[in-house]
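S.K.: Please read through the structure below; I'll follow up with questions.
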Amino acid sequence: MSGRDMAKPLLGHRTIEGDPSITPAAGRTIGVLGSGDFARSLAIRLVCSGFKVVVGSRNPRRKAGLFPSAAEVTLQAEAVKKTDVIFVAVFREHYSTLCDLADVLVGKILVDVSNNTEINHHKESNAEYLASLFPACTVVKGFNVVSAWTLQSGARDGNKQVLICSDNQEAKRTVAEIAQVMGFTPVDMGCMSSASEIENIPLRLLPAWKIPIFLALGLFICFFTYNLIRQVIHPYIREQKNKLYKIPIEVVNTTLPCVAYVMLSLVYLPGVLAACSQLYYGTKYRRFPDWLDQWLQHRKQIGLLSFFCAALHAVYSFCLPMRRSHRYQLIETAVKQAVEKKMNIWVEEEVWRMEIYISVGIIALGLLSLLAITSLPSIANSLNWREFSFIQSTLGFIALVISTLHTLTYGWSRAFDENQYKFYLPPTYTLTLLVPCTVILAKVIFNLPCIQQRLQRIRRGWEKGRYVKFVLPSATGEYSSGETSSNV
């Protein structure tokens, strides 16, 4: 991104939340202590945002060429003297090298941008440690959740946030002004005790994805083991046939749609359980159990993993004819038919079954793709609530119904064939139908007028057993008040 583009923050110069009379103003001098990658990116972004930047380095002559020409690179002591706001872009273990600057740092605002290598690596946060070294300064924690690349390329995402905390409100407001001018959204996280939590955020690896990923892996292992028994172990024990070659492609391809189908149904099952809870207790104000609340919060991740497995299933299915084993089986079948002199092998029922099976599967994958795309923040932000709800709820349920048709078409009449029950185990697709069919049946019941109206009343605030006041006219024309239960 060019300097001209970086000089135009996407968010613009907006007023700070809670104090509309204050407008961030560029042009002030900002200090940066450090000469690493983050310090250089920070200096570039500050310069392109209209600030005067003074960089403090222990080797200014050697480091000057790394910074933009508009930034002044000088000794650390000289840089500190020229500004009141200083970004400390050095690692925690190097904080002690700044102790010689304690006298000139008195009264300055130090912005700590450092992170640790492990979660809760130290008893106290880096910002609190910096504050203990320089008690005469005001320390603000901020900009540690922003990468060096984001600083150089600009805040492309309008929701890019800069988390800020400090015990000094005025210092937080100053740093918030700077963040807004740079094109970011400052978020006040409270006092300095929040610094540890802010420093842990960049170190967490997909915190919202752990439960869905473990769930998907658990389902994959269960279905894979089940299919392995049916497709590989059973023919080896009963017929002494070695079919281990099926494991990499065929067994995996049989497992992936099972995981995708069940995961998709698990997206809508917690909504069914929540509706049952509201109908049972007759209120929407009763808290759900923690496990159900966590389940509801992870529906997006579960849905995306369902789409991922479905997409892999489509790719695996497309590659099935490319296998050498498949070619050998085709040749073997052709030779047997030639020996038996079978001229017509067309089976009308099987042709129609496969045509419908593939067509319905393509539609289901297309709907899942639409659900996945609209779950992206950039797309979701362009939709109003009704549009988003229609796609994620209505079209999502339609995708579940079509996936059910896809599964039923695959099974067709084979569910009643005793040869399909290997080791007396039913076909895998029959097991996958349990949860989705339960969800579909519950959705149909909830759409019955008598239940739908009651559920809508509850979600609009009606409560079972609550008493409401009413006013009735008396025989003399005067009005008298009374009470009645809202569930009458």
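The values are calculated or read from the model by the stated rules, or taken from the named source; none is laboratory data. The structure presented is a predicted model; accordingly, all values stated were derived computationally and were not measured. When we count neighbours, we look across all protein chains shown, and the Cβ atoms used for this are built from the backbone with ideal geometry, even at glycine. Please note that ligands, DNA and RNA were not included when accessible areas were found on the heavy atoms of the full protein model with its side chains. Shrake-Rupley method; radii C 1.70, N 1.55, O 1.52, S 1.80 Å.
S.K.: Which of the following residues is of a type in the set (A, V, I, L, M), surrounded by 14 or more Cβ atoms within 10 Å (Cβ to Cβ) and modelled with pLDDT of 95 or more: V47, V54?
M.R.: That would be V54, the only listed residue that is of a type in the set (A, V, I, L, M), surrounded by 14 or more Cβ atoms within 10 Å (Cβ to Cβ) and modelled with pLDDT of 95 or more.
S.K.: For a quick check of your reading of the model, give me the residue pairs whose first member lies in the stretch 220-240 and is over 16 Å from T430 (Cα atoms), whose second is among the charged types (D, E, K, R) and open to solvent by 90 Å² or more (accessible area, probe 1.4 Å), with beta-carbon atoms closer than 6 Å and at least 6 apart or on different chains.
M.R.: P235/K241
S.K.: Can you tell which of Y281, Y268 is within 22 Å of L448 (Cα to Cα) and crowded, with 19+ Cβ neighbours inside 10 Å?
M.R.: Of Y281, Y268, the one residue that is within 22 Å of L448 (Cα to Cα) and crowded, with 19+ Cβ neighbours inside 10 Å is Y268.
S.K.: Is the stretch 287-303 home to any residue that is of a type in the set (A, V, I, L, M, F, W, C), buried (at least 17 other Cβ atoms within 10 Å of the Cβ), part of a helix (DSSP H, G or I) and in the same structural domain as L215 (by the TED database)?
M.R.: Checking the stretch 287-303: at least one residue is of a type in the set (A, V, I, L, M, F, W, C), buried (at least 17 other Cβ atoms within 10 Å of the Cβ), part of a helix (DSSP H, G or I) and in the same structural domain as L215 (by the TED database).
S.K.: All but one of (1) within 40 Å of the chain's Cα centre (by Cα); (2) exposed (fewer than 13 other Cβ atoms within 10 Å of the Cβ); (3) modelled with pLDDT under 90 hold for H326; state the number of the condition that does not hold.
M.R.: Evaluating H326 over (1) within 40 Å of the chain's Cα centre (by Cα); (2) exposed (fewer than 13 other Cβ atoms within 10 Å of the Cβ); (3) modelled with pLDDT under 90 leaves (2) as the failure.
S.K.: Report, by residue number, each residue of the stretch 383-415 that is part of a loop (DSSP other than H, G, I, E, B), modelled with pLDDT of 90 or more and either among the acidic types (D, E) or open to solvent by 70 Å² or more (accessible area, probe 1.4 Å) (or both).
M.R.: N384
S.K.: Confirm whether I249 is β-branched (V, I, T), open to solvent by 40 Å² or more (accessible area, probe 1.4 Å), over 30 Å from L371 (Cα atoms) and out of contact with any strand residue (DSSP E or B) (no Cβ under 6 Å at 6 or more places or on another chain).
M.R.: When the stated conditions are applied, I249 does not pass them.
S.K.: A further question on this structure: Tell me which of these V351 doesn't satisfy, since it passes every other one: (1) open to solvent by less than 60 Å² (accessible area, probe 1.4 Å); (2) hydrophobic (A, V, I, L, M, F, W, C); (3) under 22 Å from V252 (Cα atoms).
M.R.: (3)
S.K.: Starting from the stretch 170-196, take each residue that is touching a residue at least 40 places away in the same chain (Cβ under 8 Å) and within 10 Å of K141 (Cα to Cα) and list its partners that are of a type in the set (S, T, N, Q) and buried (at least 23 other Cβ atoms within 10 Å of the Cβ), counting only C-beta distances under 7 angstrom and pairs at least six apart or across chains.
M.R.: M192/S166; A195/S125; S196/S125
S.K.: Filter the stretch 88-113 down to the residues that are more than 15 Å from A136 (Cα to Cα), open to solvent by 60 Å² or more (accessible area, probe 1.4 Å) and part of a loop (DSSP other than H, G, I, E, B) and list them by number.
M.R.: F91, the sole residue that qualifies.
S.K.: Please give the number of the condition G36 fails out of (1) closer than 24 Å to I198 by Cβ; (2) surrounded by 15 or more Cβ atoms within 10 Å (Cβ to Cβ); (3) at pLDDT below 95.
M.R.: Just one mismatch for G36, condition (2).
S.K.: Considering only the stretch 121-226, give the helices (runs of 4 or more DSSP H) lying wholly within it that have at least 2 residues that are open to solvent by 70 Å² or more (accessible area, probe 1.4 Å) and in the same structural domain as S49 (by the TED database).
M.R.: 148-153, 169-181
S.K.: Let me ask you something else. Quick one: is L105 closer than 28 Å to P377 by Cα and among the aliphatic types (A, V, I, L, M)?
M.R.: No.
S.K.: V468 fails exactly one of the following numbered conditions: (1) over 30 Å from N253 (Cβ atoms); (2) of a type outside the set (D, E, K, R); (3) at pLDDT 95 or above. What is the number of that condition?
M.R.: Status for V468: all satisfied but (3).
S.K.: Given the options A274, A334, A314, name the one that is farther than 30 Å from F220 by Cβ and open to solvent by less than 80 Å² (accessible area, probe 1.4 Å).
M.R.: Checking each option against the conditions leaves just A334.
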